[in-house]
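Please read the structure below before turning to the comments.
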Amino acid sequence: MGALIRSMDWSKNPLGPVENWPQSLRTSVSLCLSSTFPILIAWGPETIQIYNDAYRPICGAMHPESMGMNFRVCWESALEVVGDKFTQGQMGEGTYIKDQQMFLFRYGYLEEAFMTFSFAPIRDETGGVGGIFHPITETTDKMLSARRTQVLRDVAALLGKAKTIEDIGLLTTQHHNDFVNDLPFLLFYILSPEGENAALLSAAGVENASHLAVNEINLSDRDSKWPFSEVQSAPLVIDDLNERFGDFACKPYPEKPASAVILPVFLSGKDSPFGYIVAGVSARRAMDEEYLGFYTLLANTFSTAVSNVYAYEQEQKRAQALAAIDRSKTAFFSNVSHEFRTPLTLMLGPLEDLQRHAIMKDPQVRETVLATHRNALRLLKLVNNLLDFSRVEAGRVKVAYQPLDLAGFTADLASSFRSIIEKAGMELIVETPATELEAYVDIQMWEKIVLNLLSNAFKYTLQGSIILKLEVLGNMVELAVIDTGVGIPEEELPHMFERFHRVENSAGRTHEGSGIGLSLVSELVHLHGGEIKVESTLGEGSKFTIMMPLGSAHLPQELVYDKDYQASASNLRESFLQEASGLLGNEYANAASPKEEPENVYQGEEEGKVLLVDDNADMRDYLKRLLQPEFTVYTAVNGADALEQLMSLSPDLILSDIMMPVMDGKALLAKLREKEEKHWIPLIFLSARAGEESRIDGLEAGADDYLVKPFSGQELLSKVRAQIKINRIRRHNEQHMRDFVAVATHELKTPLTALSGYVQVIEMKARKLQEESLTHVADRARHQVIKMSKLVDDLLDVSKLDEGMLYLKPEHFDLNELINETILDVQSTASKHQISYGGKGNLKLSADRDKIGQVITNLLVNAVKYAPEAPQIDVFTETDGNMLTVGIRDYGIGIKNEDQQHVFKRFYRTDSAHRGFQGFGIGLYLCSEIINRHGGHINLESEPDKGSLFYFKLPVEN
């Protein structure tokens with residue numbers, strides 16, 4: 001800068017020649033030039049600026065013309081924020097400003113910048129202010145980095161609240177003003193499942209630039225406004241917004257952005273984009289490496305938000321599926337419980353009569369009858385528990401609270417167990433108040449609570465004592481059942497009152513149970529306004545505690561009754577005692593009269609065939625010798641050899657090593673599961689790889705069981721027998737289902753065929769007699785028979801789908817001919833509608849003609865049904881490469897957006913059912929399954945009250 005100053009002709013400048021400069025100016029300039037800190041001197045009334053080398057980058061492209069310029073002219077754009085401070089300096093008052101935002105015209109455009117500086121007056125020889133000493137530091141990078149980091153944090157926190165993809169777009173739009181300095185506009189696009197189109201989900205900052213927000217982008221269109229197809233993994237900068245979109249405006253500046261960045265958004269673990277962010281670039285900041293890095297981090301933030309939402313949605317779906325399973329299980333148990341009660345009653349009655357018969361004098365008969373009666377009572381208890389639980393959950397339980405001497409009644413219930421507990425060599429301790437303790441309870445429910453807790457304690461206590469303690473604590477009554485049993489693992493304690501939960505491998509008297517006893521107790525306690533908790537130490541015992549309010553103020557008053565309103569269920573405790581004595585009796589019978597165990601000889605139903613796959617000859621020989629006494633054994637040396645043999649062989653089981661040359665066991669299993677005619681064959685892995693991880697890996701690969709070498713021969717035989725037996729039962733059941741479907745088809749279709757014939761006869765007679773009213777009735781009856789026949793076909797197809805028996809029979813046919821036939825059939829029952837189709841020529845398709853016809857029929861019938869006031873229905877076909885599209889459009893009631901994603905689900909019905917449109921929710925489900933099994937897909941476009949377009953795409957042969 002010293003050289004530049006010397007080279008300039010200062011005589012033409014208001015400062016005049018250098019030799020005429022006052023000493024104060026010379027000294028100031030000398031100090032300025034010798035400093036390594038950015039410094040500027042503004043001198044004289046014209047505020048002529050002189051600066052050093054460190055200041056030169058602040059001038060940007062204005063240098064060297066800025067040397068010797070009027071400060072106020074050079075930095076005119078900054079005077080709005082610094083002019084007053086500069087004037088104060090000229091008046092002798094120094095100022096200091098930190099991280100001041102300003103806009104500088106130093107690179108050909110108005111640029112956002114941040115500076116820390118001061119204005120200090122310089123006294124001249126007269127003592128007045130001759131100029132301004134102006135040291136300065138540019139903090140633009142620091143301030144922009146901090147602001148952008150805060151934006152990323154705020155966006156991440158904001159999007160962290162999103163529960164759906166739509167929430168992401170909504171939150172971004174609502175809070176866009178918080179980020180407008182760095183993101184003048186923001187568009188969020190979502191790719192279609194096929195990846196062919198991108199639909200606009202949200203647009204922020206485009207109030208005066210609506211044409212930036214293109215609703216849909218076709219990625220194959222090279223002339224599209226936003227070239228998403230060019231963006232795969234890295235951001236793409238678009239610099240020609242003016243040429244692409246013309247005139248528009250965006251906040252926060254009067255100038256419009258010249259550039260934008262397209263950012264791909266990814267789902268975690270996916271290689272292809274889920275969607276795209278289009279982010280505007282500030283009109284007052286040029287794109288540089290730091291700015292581009294900010295956009296990259298922004299894309300990562302959106303990718304994380306989308307991945308989190310997707311994971312949340314998947315978790316919600318899993319939770320909903322589990323809840324549905326729980327509801328189904330409860331409903332199933334409720335139905336089964338009801339069905340079991342009648343046969344159980346018919347069993348228990350004769351058994352009780354038989355106990356009074358003289359035949360009971362025979363010890364063997366007596367033992368058999370008593371054991372049968374005991375287990376029937378046990379089954380009845382289980383059925384009653386299941387029924388009670390389903391009633392409680394469904395809110396259908398009938399409760400009657402009445403005053404009761406809780407101390408006496410509870411002590412009486414506990415005493416029922418005394419003889420059995422003492423017979424088992426243990427002690428029962430009952431501690432209840434000596435005086436009457438009145439509490440409001442449902443007697444039968446309290447009986448179930450106490451008996452379940454005592455029964456549970458007996459099952460899991462092998463020695464020591466069981467204590468039942470009842471006491472009053474203030475206005476609460478506490479019931480505690482304490483045992484010295486096997487205890488409960490700590491990690492299981494939070495789940496003890498969950499329905500269907502069982503503690504696995506517990507060392508009690510029995511491992512059997514439904515897992516609802518404690519859950520039922522918990523529900524019954526809550527119905528009394530109480531709470532139940534459990535404390536336990538593994539190996540030392542457990543304590544179940546119930547706290548329940550006294551009095552009746554906390555209970556629904558309409559359910560509170562007088563004393564003696566309800567009697568106790570006298571046979572309930574008998575079933576608990578019979579179950580307990582059965583557990584105890586078996587133990588003592590075995591101990592008292594030990595019997596010699598019979599030799600464990602397998603009595604097979606029929607000889608099975610086993611394919612043994614192992615590359616080790618000695619192992620094959622050993623396994624063959626082990627298996628041959630019971631099974632016909634075939635051998636293979638590796639997976640490829642086994643696959644070749646499976647072309648002509650259908651074994652009952654495959655026993656395979658994992659590590660083998662040519663093709664290993666896991667590859668064999670994968671190939672086996674691909675073969676529809678062989679996928680049912682069970683496979684057991686044999687492997688030298690030990691450990692839980694290896695076992696899980698084998699089972700997750702699809703094996704039915706896993707054995708580690710060396711293994712017990714008897715264990716292997718046991719597993720082989722079990723798998724063959726299970727598989728035969730499964731196949732037997734499948735055959736029964738196939739038989740049922742065949743019979744059901746015949747039984748349902750036969751009367752429908754007869755009905756159709758009778759209706760036709762009536763219709764003919766009516767026409768002959770010219771009875772118009774009868775003809776109309778017959779015509780309506782015929783329509784109903786056709787409708788019923790279609791419903792039967794659909795229901796049978798759903799049944800076949802569930803059993804994997806809906807098979808396709810592909811054939812070559814003319815699709816135009818099929819569509820025209822179907823239209824004629826549907827048109828005959830929909831005289832008010834006009835179905836138009838302009839398809840001509842020969843449109844060849846290879847598929848199951850009947851099933852494709854069923855899909856078209858279902859879609860046409862739906863179009864007619866849901867467009868009663870709109871008679872026009874349009875059918876069209878079109879081909880695109882190797883895909884063929886068939887579309888059916890109606891102009892009826894349409895489908896709400898929230899329903900559209902569910903309409904192809906089984907049994908799903910929209911709210912149209914409440915508007916008089918009947919249906920079972922299986923037609924579209926069947927259509928979807930049939931099209932999917934042809935390798936195609938089905939979809940819809942719809943708008944409420946404007947109609948629907950259903951279309952499906954199928955692959956066609958080239």
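The values are calculated or read from the model by the stated rules, or taken from the named source; none is laboratory data. The shown structure was predicted, so the numbers you read here are calculated from the model rather than taken from an experiment. Here the Cβ is made from the backbone with ideal geometry for all residues, glycine too, and neighbour counts use every protein chain on show.
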Exercise for the section: Could you give me the residue pairs with C-beta distances under 7 Å whose first residue belongs to the stretch 806-821 and is touching a residue at least 12 places away in the same chain (Cβ under 8 Å), whose second residue is assigned to a strand (DSSP E or B) and hydrophobic (A, V, I, L, M, F, W, C) wherever it lies, and which are 6+ apart or on separate chains? Expected result: Pro810/Ala847; Phe813/Leu845; Leu815/Leu845; Ile819/Val875
Completion exercise
Considering residues that are in contact (Cβ under 8 Å) with a residue 24 or more places away in the chain and surrounded by fewer than 16 Cβ atoms within 10 Å (Cβ to Cβ), the number found within the stretch 252-268 is 3
Problem - Search result, residues across the stretch 149-181 that are assigned to a loop (DSSP other than H, G, I, E, B) and touching a Leu at 6+ places or on another chain (Cβ under 8 Å) - result: Lys161, Ala162, His175
Fill in the blank from the handout: Restricting the stretch 261-280 to residues that are touching a Ser or Thr at 6+ places or on another chain (Cβ under 9 Å), outside any loop (DSSP other than H, G, I, E, B) and not hydrophobic (A, V, I, L, M, F, W, C), the one farthest from Ala199 (Cα to Cα) turns out to be Gly280
Handout entry: the stretch 41-75 - residue that is surrounded by 20 or more Cβ atoms within 10 Å (Cβ to Cβ) and among the β-branched types (Val, Ile, Thr) and, of those, nearest to Phe105 (Cα to Cα)
Key = Ile58
Practice task
Collect the residues in the stretch 816-832 that are among the aliphatic types (A, V, I, L, M) and either within 19 Å of Pro868 (Cβ to Cβ) or at pLDDT 90 or above (or both), keeping them in residue-number order.
Solution key: Leu818, Ile819, Ile823, Val826, Ala830
Fill in the blank from the handout: Restricted to the stretch 472-481 and to residues being in contact with a Ser or Thr (Cβ under 8 Å, 6 or more places away or on another chain) and surrounded by fewer than 19 Cβ atoms within 10 Å (Cβ to Cβ), the residue farthest from Ser552 (Cα to Cα) is Ala480
Exercise for the section: Kindly check whether there is at least one residue in the stretch 119-126 that is part of a strand (DSSP E or B), touching a Ser or Thr at 6+ places or on another chain (Cβ under 7 Å) and closer than 13 Å to Ala286 by Cβ. Expected result: no
Completion exercise
Residue pairs qualifying under the 6 Å Cβ cut-off, at least six apart or on distinct chains, with the first in the stretch 462-491 being within 20 Å of Asn452 (Cβ to Cβ) and basic (Lys, Arg) and the second being at pLDDT 90 or above and part of a strand (DSSP E or B), are Lys469/Glu431; Lys469/Ala480
Practice task
Evaluate the stretch 243-260: report whether one residue or more is touching a helix residue (DSSP H, G or I) at 6+ places or on another chain (Cβ under 8 Å), of a type outside the set (Phe, Trp, Tyr) and not in a loop (DSSP other than H, G, I, E, B).
Solution key: yes
Exercise for the section: Taking Ala61 as the residue in question, decide whether it is assigned by TED's automatic domain parsing to the domain that holds Ile39 and over 18 Å from Ile41 (Cβ atoms). Expected result: yes
Exercise for the section: Kindly provide the set of residues from the stretch 208-233 that are in a loop (DSSP other than H, G, I, E, B) and touching a residue at least 40 places away in the same chain (Cβ under 8 Å), ordered by number. Expected result: Asn208, Ala209, Trp226, Val231, Gln232
Practice task
Go through Leu583, Leu612, Leu672 for me and flag whichever is in contact with a Lys or Arg (Cβ under 8 Å, 6 or more places away or on another chain), assigned to a helix (DSSP H, G or I) and at pLDDT 80 or above.
Solution key: Leu672
Completion exercise
Checking Ala323, Ala331 in turn, the sole residue that is part of a helix (DSSP H, G or I) and at pLDDT 70 or above turns out to be Ala323
Exercise for the section: Could you check how many residues of the stretch 620-661 are basic (Lys, Arg), more than 16 Å from Phe685 (Cα to Cα) and touching a residue at least 12 places away in the same chain (Cβ under 8 Å)? Expected result: 0
Problem - Gly246 being surrounded by fewer than 21 Cβ atoms within 10 Å (Cβ to Cβ), touching a His at 6+ places or on another chain (Cβ under 8 Å) and farther than 27 Å from Asp141 by Cα - result: yes
